[in-house]
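A short write-up of the structure that comes next.
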Amino acid sequence: MASRSEVHPIAGAADVVKVRQVARSWALELKLSLVDQTKLVTAASELARNTLDHGHGGTMRVEQVENGLRRGIKLTFEDKGPGIPDIAMALRDGYTTSGGLGLGLSGSRRLVNEFDIKSEVGRGTIVAITRWK
Amino acid sequence: MISFHEVVKKNEGAILSAWIEEMVKGVRRADLMTDTELKQQARELLGLFAKAAESSSEAESEAFLQTREFLREIAKSRMDQGFTPTETARFVLSLKQPIFHALRDALKGNPSDLVNEVWASGNLLDRLALFTVDSAVEFRDQVIGRQQEEMLELSTPVVKLWDGVLALPLIGTLDSARTQVVMESLLSAIVETNSQIAIIDITGVPTVDTLVAQHLIKTITAARLMGADCFLSGIRPAIAQTIVHLGIDLVDVQTKAKLSDAFAMALSRMGKVVVARKPAAGMALGSKAKDN
Ligand SMILES: Nc1ncnc2c1ncn2[C@@H]1O[C@H](COP(=O)(O)OP(=O)(O)OP(=O)(O)O)[C@@H](O)[C@H]1O
Ligand SMILES: [Mg+2]
């Protein structure tokens, strides 16, 4: 159950910085360990940049979630860009269509506890991640 | 029917002196601008305005081209002088009162014409004032853009630690533009100083993601091609773990936890040894890594 949430636009390079700051401050508020904070912020940075570069911009929703006694932070990145034709391929280490390292998507999956991706060609992409305390 | 441009034309001298008098009392900033300059600007603007108004009452029209160009110049010079965009707009707007007074006198017996002409001239001056605000904001944006670029230049502190050893202490967010500039300045410094070793210190970098890593790897590879070795220092434990999970491969890169360790490694690589002058003196290395 979400107790509170915020939506942030991702329309330019400055918004990627902002998204990292938001992720960090929510992680601090939940008192995640320094390592977990860093992991969440880094994953947020990757997914925000994908939203911007590949999805032509979109939004990030941030919320505190609960599961029994556990609490966590969930980040949802959404764009209405071209979508990903082959998700399994995009999740492979080193796969890139843009000359990057091709580690953003696969790497951020390893940095969080839950990773959920939905994409439809021509409609857009939604990636949701959760890091539990 | 008498229209406002005829009134302005006929009373140009009187309007000008009333306008200047008004400004000297109110909107003028004596600290920023001399009387002579103000008077000259007012005279020229009123002249252009009166002439353009003969053929049009649209601020965006061809007839007002010269007026707009002059206002752009004024917006620019006033911004350089330290006026705010509002103050510059007020310069134009303060022309309303003397023109309205002149209209009132000329159209005494005809209230409906008076209302029309006040509205037309007022509307025109409003638009010209908005135009100066737009110009002022545009100039200000240009200045900000320029300053940002200058900051990019400033924040690329390549320091020479020793003959043949450079250090690049990176601080803050590494967005693409800045990273590019920083890395290029390191590469050119390597050539200029003919250095064999460059230490990139990322103690002050809050997040190392794939983009930052890619820039680092590219720079290190380019440095290697130029015959220099790059060491990476200041990788904090949390960042080290994150890099590993992301899957970034830094095995080919010489890394050290602290800048001082990397410097010591550089010195020993160059065959230099640091010895204490007296066994008791603890100060071996001059360089300290800042941890935050
Ligand atoms: N939101 C998205 N919309 C469309 N395509 C995407 C999106 N996110 C990822 N992709 C596709 O998946 C590929 C892999 O993404 P990933 O983030 O792993 O690598 P990258 O962005 O190319 O490089 P980097 O390692 O710098 O992140 C991208 O090259 C792109 O083709
Ligand atoms: Mg990516």
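If the viscosity is 0.890 mPa s and the temperature 25 °C, what translational diffusion coefficient in µm²/s does Stokes-Einstein give for region A:85-133 when Rh comes from Kirkwood over Cα pairs?
212 µm²/s
Please report, for the Cα atoms of the protein assembly as shown, the Rg to one decimal and the Dmax as a whole number; what are they, in angstrom?
My reading of the Cα-based Rg and Dmax gives 31.6, 105 Å.
Consider just the alpha-carbon atoms of chain B and return their Rg together with their Dmax, both in angstrom.
32.5, 105
Total accessible area buried between chains B and A, 1.4 Å probe, in Å² to the nearest 100? Each step should come with its number before you reach the end.
Working: alone 16380 and 7270 Å², together 22050 Å².
Roughly 1600 Å².
Share of the protein assembly as shown's accessible area from carbon and sulfur, percent, 1.4 Å?
On the way: 11770 of 22050 Å².
Accessible surface attributable to carbon and sulfur in the protein assembly as shown totals 53 percent.
Output the antiparallel fraction of DSSP beta bridges having both residues in chain B, as a percent to the nearest 5. Before the final figure, lay out the partial values.
Working: 3 of 17 bridges.
Restricted to chain B, the bridges split so that about 20 percent are antiparallel.
Viscosity 1.567 mPa s, temperature 4 °C: Stokes-Einstein D of region B:38-119 from its Kirkwood Cα radius, in µm² per second?
Working: Rh = 14.1 Å.
Value of D from the Cα-based Kirkwood radius: 92 µm²/s.
Residue B:1 label point, 7 Å along Cα→Cβ, cut-off 17 Å on backbone N: hits in region B:87-114?
B:103-104, B:106-114
Give me the Debye-computed log₁₀ of I(q)/I(0) at q = 0.13, 0.14, 0.16, 0.21 Å⁻¹ for chain A, equal point scatterers on Cα only, no solvent, two decimals.
Debye intensities relative to I(0), on a log10 scale: -0.49, -0.57, -0.74, -1.26.
So what's the net charge close to residue A:11: Lys and Arg +1, Asp and Glu -1, counting the other residues with Cβ under 14 Å from its Cβ?
On the way: positive: A:18, A:49, A:80; negative: A:15, A:53, A:78, A:79.
Overall, the nearby charge balance is -1.
Past 26 Å, Cα to Cα: identify those pairs from A:18/B:258; A:80/A:133; B:10/B:108; A:31/A:118; A:31/A:80, in the order given.
Values: A:18/B:258 29 Å; A:80/A:133 31 Å; B:10/B:108 16 Å; A:31/A:118 30 Å; A:31/A:80 33 Å.
Checking Cα-Cα distances, A:18/B:258; A:80/A:133; A:31/A:118; A:31/A:80 exceed 26 Å.
Where q = 0.14, 0.18, 0.19 Å⁻¹, what log10 of I(q)/I(0) comes from the Debye formula for region B:159-269, counting one point per Cα?
Once normalised to I(0) and log-transformed, intensities are -0.50, -0.84, -0.95.
Just from the alpha-carbon atoms, what are the Rg and Dmax of region B:4-150 in angstroms?
Over region B:4-150's Cα set, Rg and Dmax evaluate to 15.9, 62 Å.
Could you give each residue of region B:106-112 its phi-based ³J(HN,Hα) in whole Hz, using Karplus coefficients 6.51, -1.76, 1.60 with θ = phi - 60°, and x for Gly or Pro?
6, 10, 3, x, 9, x, 6
What does the charge count around residue B:123 come to, taking other residues whose C-beta lies under 11 Å from its C-beta (Lys +1, Arg +1, Asp -1, Glu -1)?
Net local charge, residue B:123 excluded: -1.
For residue B:166, which sequence-distant residues (separation of 5 or more, or a different chain) have an amide H within less than 5 Å of its own amide H, given hydrogens modelled in the peptide plane?
B:161, B:197, B:198, B:199
Could you give the nm distance between label points at residue A:7 and residue B:144, where each point is 7 Å from its Cα heading toward the beta carbon?
That separation, rounded to one decimal, is 2.6 nm.
What ranking of A:63, B:62 comes out by heavy-atom accessible area, probe 1.4 Å, highest first?
Values: A:63 25, B:62 145 Å².
If we order A:63, B:62 from most to least accessible, we get B:62, A:63.
Nothing charged except the Cβ atoms of Lys and Arg (+1) and of Asp and Glu (-1): what's the magnitude of the dipole of the protein assembly as shown about its Cα centre? Round to the nearest 20 debye. It would help to have the intermediate numbers written out before the result.
Details: 51 positive and 52 negative charges, 386 e Å.
The dipole of the protein assembly as shown has a size of about 1860 debye.
For the pair residue B:126 and residue A:97, how long in nm is the line joining their label points, each one 7 Å along Cα→Cβ?
5.0 nm
So what's the angle, to the nearest 10 degrees on a 0 to 90 scale, between helix B:176-193 and the longest Cα principal axis of chain B?
That helix lies at roughly 60 degrees to the long axis.
The values are calculated or read from the model by the stated rules, or taken from the named source; none is laboratory data. In this text the structure is predicted, and so the values were computed from the model without any measurement. Cβ: placed from backbone, ideal geometry, glycine included. Neighbour counts: every protein chain shown. Accessible surface is based on the protein model in full, side chains and every heavy atom, while ligands, DNA and RNA are left aside. Shrake-Rupley method; radii C 1.70, N 1.55, O 1.52, S 1.80 Å.
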